[in-house]
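The values are calculated or read from the model by the stated rules, or taken from the named source; none is laboratory data. These numbers were taken from a predicted model, which means no experiment stands behind them. So basically every Cβ, Gly included, is an ideal-geometry build from the backbone, and we count neighbours across all protein chains shown.
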Amino acid sequence: MSDAAAIATSGLTKRFRSRAVVDGLDLEVPRGSVFGFLGPNGSGKTTTIRMLLGLVAPSAGEARVLGERMPDGGASVLPRVGALVEGPAFAPYLSGTANLVRRDTADRYAPGETRARRVEAALERVGLSHAAAKRVRAYSLGMKQRLGIAGALLTDRELLVLDEPTNGLDPQGTREVRNLVRSLAAGGTTVFVSSHLLAEIEQMCTHAAIMRAGRLVAQGSLDELRGGSGPRLVVETPDASLAVAVLAGLGLGAEPTADGVEAPLSPGAPQPEVLTAALVRGDVRVRGLAVRSSSLEERFVELTGEGFDVEQ
């Protein structure tokens, strides 16, 4: 377990009665990464986050955050960590500004002399300046979610932990959160994002881990999680053996499939239009041709045999 990682766990386990909600988790989150923590609802993501933040004690194993063992190191670690877990909670009768002032006042490490300026900057950063004076009870779910992120950004953080940050957001709000996360990472903040939305994580993150039923299925960079496979040429044709021979002449190792052939495309491979012309010249009847990349969802199904619709 590396102290150089922003988050590192070894055998981290949490049992409720006889059931292991998190079972032997070995996780490593590189500093400066946008790390997606993926899994269906009920797979142990939120329980893991609560252990990382010292909110619940593990039944076994160890967790280190920013090099310190948790929960013992919470006093020195938590002021450097911003978190939004299980949705934001605010006083509905207060304005967005008043809620953030109240939250910042409760933080004994937050400097009072810069409070107003920091609250204003946090609201602007999440696109809520126009609603700063509005009571939170009039906020939409997406606005409340963004206000929760603003609360986590009131002071500079080395690590930001977000549990389902795009929950309830419309497409525009989702894009805003995605861009916000990217900008934070560009500034050196490590961002740990828990989500069950694979497509969203794929657009936002540099690294990810996949959980299922409390266990870690896989982790690494996105390319590693996709199986290390780059783009593949998919040709739909009744002339599979002929297509294999033509593509072999172009340096591609194609294999027959049920509908035609597939071949991995290396960085120096010919362009699709060149391949199409070569197949046609070789008398291959081409019904369809596409270049496809493996998705995280395909990798998840491959690893677990199930999609994200399973009940946990």
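Take the residues of region 160-183 that are of a type outside the set (D, E, K, R) and over 14 Å from the mean Cα position of the chain (by Cα): which is nearest to ALA8 (Cα to Cα)? Talk me through it step by step, then tell me what you get.
The initial filter retains those residues of region 160-183 that are of a type outside the set (D, E, K, R), namely 160-162, 165-169, 171-174, 177, 179-181, 183.
Okay, now just the ones that are also over 14 Å from the mean Cα position of the chain (by Cα), so 168-169, 171-173, 183.
Details: GLY168: 30, LEU169: 30, PRO171: 33, GLN172: 33, GLY173: 31, SER183: 24 Å.
That would be SER183.
Hey, can you tell me all the residues within region 161-182 that are under 18 Å from SER194 (Cα atoms) and part of a helix (DSSP H, G or I)?
Of everything in region 161-182, those that are under 18 Å from SER194 (Cα atoms) and part of a helix (DSSP H, G or I) turn out to be GLY173, THR174, ARG175, GLU176, VAL177, ARG178, ASN179, LEU180, VAL181, ARG182.
What is the residue count in region 19-76 for residues that are among the polar types (S, T, N, Q), over 13 Å from SER194 (Cβ atoms) and in a helix (DSSP H, G or I)?
1
Name the residues in region 38-78 that are among the hydroxyl-bearing types (Ser, Thr, Tyr) and either surrounded by fewer than 16 Cβ atoms within 10 Å (Cβ to Cβ) or in contact with a Phe, Trp or Tyr (Cβ under 8 Å, 6 or more places away or on another chain) (or both), would you?
Of everything in region 38-78, those that are among the hydroxyl-bearing types (Ser, Thr, Tyr) and either surrounded by fewer than 16 Cβ atoms within 10 Å (Cβ to Cβ) or in contact with a Phe, Trp or Tyr (Cβ under 8 Å, 6 or more places away or on another chain) (or both) turn out to be THR48, SER59, SER76.
Return the residues of region 77-87 that are in a helix (DSSP H, G or I) and either over 18 Å from ASP156 (Cα atoms) or touching a Leu at 6+ places or on another chain (Cβ under 9 Å) (or both); say none if nothing qualifies.
Passing the criteria: VAL77, LEU78, ARG80.
Considering only region 146-153, I want to know if a residue exists there that is modelled with pLDDT of 85 or more, surrounded by fewer than 17 Cβ atoms within 10 Å (Cβ to Cβ) and within 26 Å of ARG115 (Cβ to Cβ).
Within region 146-153, not a single residue is modelled with pLDDT of 85 or more, surrounded by fewer than 17 Cβ atoms within 10 Å (Cβ to Cβ) and within 26 Å of ARG115 (Cβ to Cβ).
Select from region 96-140 the residues that are exposed (fewer than 14 other Cβ atoms within 10 Å of the Cβ) and aliphatic (A, V, I, L, M) and write down the one among them that is farthest from THR174 (Cα to Cα).
ALA106
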